[in-house]
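Data block below; observations after.
The values are calculated or read from the model by the stated rules, or taken from the named source; none is laboratory data. Predicted, not measured: the structure shown is a model, and the values here were computed from it. Note that each Cβ is placed from the backbone with ideal geometry, even for glycine, and that neighbours are counted across all protein chains shown. Quick note on the areas: whole protein, heavy atoms, side chains included, nothing else; ligands and nucleic acids left out. Shrake-Rupley method; radii C 1.70, N 1.55, O 1.52, S 1.80 Å.
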Amino acid sequence: MATSQIKQTLGDMDKESFVSLLRNLIGESRYVQNNPPELIPEEDRVVKHVMNSLLPYSTTTGGGPLILNHVAYFPNRGNLIVEYPGTVPGKVLSFVGMHMDVVTANPNDWEFDPFSLSIDGDKLRGRGTTDCLGHVALVTELMKRLGETKPKLKSSVVAVFIASEENSSIPGVGIDALVRQGLLDKLKGGPLFWIDTADKQPCIGTGGMIPWKLYVTGKLFHSGLAHKAINPLELGMDALKEIQSRFYRDFPPHPKEQVYGFATPSTMKPTQWSYPGGGINQIPGECTISGDVRLTPFYSVTDVIKILKEYVDDINENIEKLETRGPVSKYILPDENLRGSLTITFDEANSGVACDLDSRGFHVLCKATEEVVGHVKPYSITGSLPLIRELQDEGFDVQTAGYGLMATYHAKNEYCLLSDMCQGYQIFVSIIDQLED
């Protein structure tokens, strides 16, 4: 089949069908919010609508070539693998990462109902339109068109709709389990396009994330007798300043960050502060500072965790050398044999990814984007996409893109643009077309 014929056969996205499907998916968004233990999504509610679209063109019903594989490891929490078979064994391209869970939404904070699709001109509004039910509908429409028109392709085209992307506190539900069971191994034979970013341009780099907590212990005392206290709030501020100074010395901007166009280098900063409570005239005995490290993929998450622990150990051993605040601010009380102390702990960390800029997958994505959008400008951010570094480490050629809006990602009043989703469809068709050569 000539390349122009593939584009002609697959045509443009059926807007009416897309919007109808998206309306059904957003109607389920209330039930696929992911915030355990209170909110555990039931992704099979979304699977049901995708299956209803694709079953008439599947081997299941005998109506077409699509091979559907519904894989669930927990009740009501399925994944769906859809394959349009090609003619050349081992030749494959895949669209992966369209997840069927969403972040939470409080209707009281929104200007419109987050849990039903509303339309305002080109805007398609509701929780999940950008992240990521819009992409679920988009790739479903692509697979449906393949099943309807049955173009003769050398490449198999595989779509993997996944559960449990927004929260990993319950493991073994989504793509981690699919990879572990070997169900995606065949996708290593060609580029894997992770469809869960935004703004229509290739996202070529993401950040690792290390959530940390710094527990600070001092000595509680009356604030009018500050010389008898060890103020954990001051200790926390001074210790954190020292930790940050060392971090930025040891993990400076990396030369490759310019190549990938990262908006920021690696950062280490506080985002939350808590203490047990007490009166305004009471210096507390402890406090906790929490925050995160956002790490460009050219540094090792494991190394950073190890070094942050070393910083804290060193500060504890030399706490009398730490900068203090004023004549009675101090972090040791020799007469009482008391020392302030720090303990750092870490929640689950994940690594960033730098996509392979020499791969065929990257080149076809760039060409398709330029062809459809009119320009191509790959970008990188230290926001994190869980799971994709693990895929890259397993040997997959991972490229990432998305057709929602970064400005509404995880935000109140989330929406996407129908015109952007239509361009996403054209980009996918161009990718399929190019990879036939």
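Observations on the structure shown:
- Of the GluC sites (Glu not before Pro) in the range 228-333, those whose Cβ has at most 13 other Cβ within 10 Å and which sit in DSSP loop: Glu323
- Environment charge at Ser116 (Cβ cut-off 12 Å; Lys +1, Arg +1, Asp -1, Glu -1): +2
- Förster radius 30 Å - calculated FRET efficiency between Asp313 and Gln282, Cβ distance, rounded to 0.05: 0.50
- Angle of helix 232-250 to the longest C-alpha principal axis of the chain, folded into 0 to 90 degrees and rounded to 10: 50°.
- A Cα-only calculation for the chain places Rg and Dmax at 25.5, 87 Å.
- Stretch gain in nm, segment Leu338-Ser300, where the contour uses 0.36 nm per residue and the Cα spacing is subtracted: 10.0 nm
- Each stretch of four or more DSSP H residues adds -39500 (n - 2.57); spread over every residue of the chain, this sum gives -9500 deg cm²/dmol at 222 nm.
- Rounded to the nearest 20, the Cβ-based charge dipole of the chain about its Cα centre (Lys and Arg +1, Asp and Glu -1) stands at 280 debye.
- The stretch between Ser116 and Asp347 holds 79.7 nm of extra length on full extension. This uses 0.36 nm per residue minus the Cα-Cα distance.
- Solvent exposure of the chain amounts to 42 Å² per residue of accessible area, where only protein heavy atoms count and the probe is 1.4 Å.
- Cross-link reach list, aspartates and glutamates versus Lys200, counting only Cα pairs under 15 Å and skipping chain neighbours closer than eight places: Asp131, Glu370, Glu371, Asp420
- Computed from label points 7 Å out along Cα-Cβ, the spacing between Glu38 and Lys186 is 4.3 nm.
- Gained length - Ile170 relative to Arg325, 0.36 nm times residue gap less alpha-carbon distance: 51.4 nm
- Label-point gap, in nm, between Lys7 and Lys213 - each point 7 angstrom along Cα→Cβ: 5.5
- Cβ-based net charge around Asp303, under 14 Å, with every Lys or Arg adding one and every Asp or Glu removing one: +1
- For the chain, share of DSSP beta bridges that run antiparallel, in % to the nearest 5: 70
- Portion, in percent, of the accessible area of the chain that falls on carbon or sulfur, probe 1.4 Å: 50
- Binned Cα-Cα distances of the range 267-379, short to long, each 5 Å bin given as a whole percent: 2, 8, 12, 14, 14, 11, 9, 7, 6, 5, 5, 5, 3, 1, 0
- Trypsin sites (Lys or Arg not before Pro) lying in DSSP loop within the range 244-338, provided at most 15 other Cβ fall within 10 Å: Arg325
- Spin-label pair Glu371/Ala263, simplified geometry with 7 Å Cα→Cβ offset, distance in nm: 2.9
- Summary of packing: across the peptides 97-110, 119-132, the per-residue average of other C-beta atoms within 10 Å ranks them, highest first, as 119-132, 97-110.
- Over the range 1-78 - Rg/Rh using Cα atoms and the Kirkwood inverse-distance radius: 1.09
- Calculated log₁₀ intensity ratio I(q)/I(0) where the Debye formula runs over C-alpha points of the range 207-348, q = 0.09, 0.16, 0.20 Å⁻¹: -0.32, -0.83, -1.14
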